[in-house]
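Chemist: What follows is a structure written as structure tokens; I'll ask about it next.
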Amino acid sequence: SSDLSNKHFGTVPEFVKNNTSQKLSEVASNVLRVTNYTNQHINFHLRYSIPPGWEMIMKSSKSYNLAAGDSVFIPVRVVIDKHAKGNTNYVLTAFLVSDKDVQFASKNWYTGIESRPDWSATILLKKIYFINGVDSSGFSMHFMNAGNTDELIHLNFKADHRVEILGSQLPLPTATATPNSLLPASGLSFSLPVGADTILTFGVRHRKDITGHQNKKDLEERLSPGN
């Protein structure tokens, strides 16, 4: 292979790992290598740009004096914001700054936060009733996202052939069903952001095309939500 000096010119910063994957519980660690490919010594110090809410560990204003052809290895450690989202890449940048306070080189470090799914869906009542001969009723579902990644939830309902399910009776801008309308055969899809805690209420009614005596007193709900 060709010598590095044939591929680099000036003073070059390089992260040992350009891309990393991190858990929220971990400290993001890397090493910045700065190489002086010029024929004279240089003086510089470092500045960093990190995502909001992140924190540098042992951030230093130290100045470096690097001889011609020499290299220095500088550890970089960052505490990740506990609210950083999973499945998201964040950019950290190191800048080389001259003794005259002029930025003359930079290098990016891309770190992705690992997804930690933690969402739940609960049907609040396991049975529903058609009271006093009415032909409609309803049920509610509680959704909670305690993970670090926005979730796209898809619900399909398998109902008794004598009943039909109506869309959520609460406004949900990202939902694919209109409130109080017949739920489409494809089901219902909606976004559940990180930290969301919401209850959706669905209607149930007897199908109008079903005739004959129906047992309206105690019709067991047979619904199977899925994502």
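Bear in mind that the values in this text are calculations on the coordinates, not laboratory data. Just so you know, these numbers come straight off a predicted model, no measurement behind them. Don't worry about glycine lacking a Cβ; one is built from the backbone with ideal geometry, like all the others, and counts go over all protein chains shown.
Chemist: Which value in nm describes the separation of the simple spin-label points at His45 and Leu182, placed 7 Å from the Cα toward the beta carbon?
Modeler: 7.2
Chemist: Could you let me know the centre-to-centre spacing of region 88-142 and region 27-79, using Cα atoms, in angstrom?
Modeler: Taking the Cα centre of each part, region 88-142 and region 27-79 sit 32 Å apart.
Chemist: Let me ask something additional. FRET efficiency for Val102 and Ser21, Cβ-Cβ distance as r, R0 = 22 Å, nearest 0.05?
Modeler: 0.05
Chemist: Counting only pairs 8 or more places apart or on different chains, how many lysine pairs in region 1-123 have C-alpha atoms closer than 28 Å?
Modeler: The number of close lysine pairs in region 1-123 is 20.
Chemist: Another question, if that's okay. Apply 1/(1 + (r/R0)^6) to the Cβ-Cβ distance of Ala196 and Val31, taking R0 = 41 Å, and write down the FRET efficiency to the nearest 0.05.
Modeler: For Ala196 and Val31, the calculated efficiency is 0.60.
Chemist: A follow-up question, please. 7 Å from Cα along Cα→Cβ at both Tyr110 and Asn65: what's the point-to-point distance in nm?
Modeler: Reported label-point gap for Tyr110 and Asn65 is 3.9 nm.
Chemist: Step through the residues of region 116-131 one at a time and calculate ³J(HN,Hα) from phi using the Karplus curve (6.51 cos²θ - 1.76 cosθ + 1.60, θ = phi - 60°), rounding each to whole Hz and writing x for Gly and Pro.
Modeler: 10, x, 7, 10, 9, 9, 10, 7, 6, 10, 7, 10, 10, 10, 9, 8
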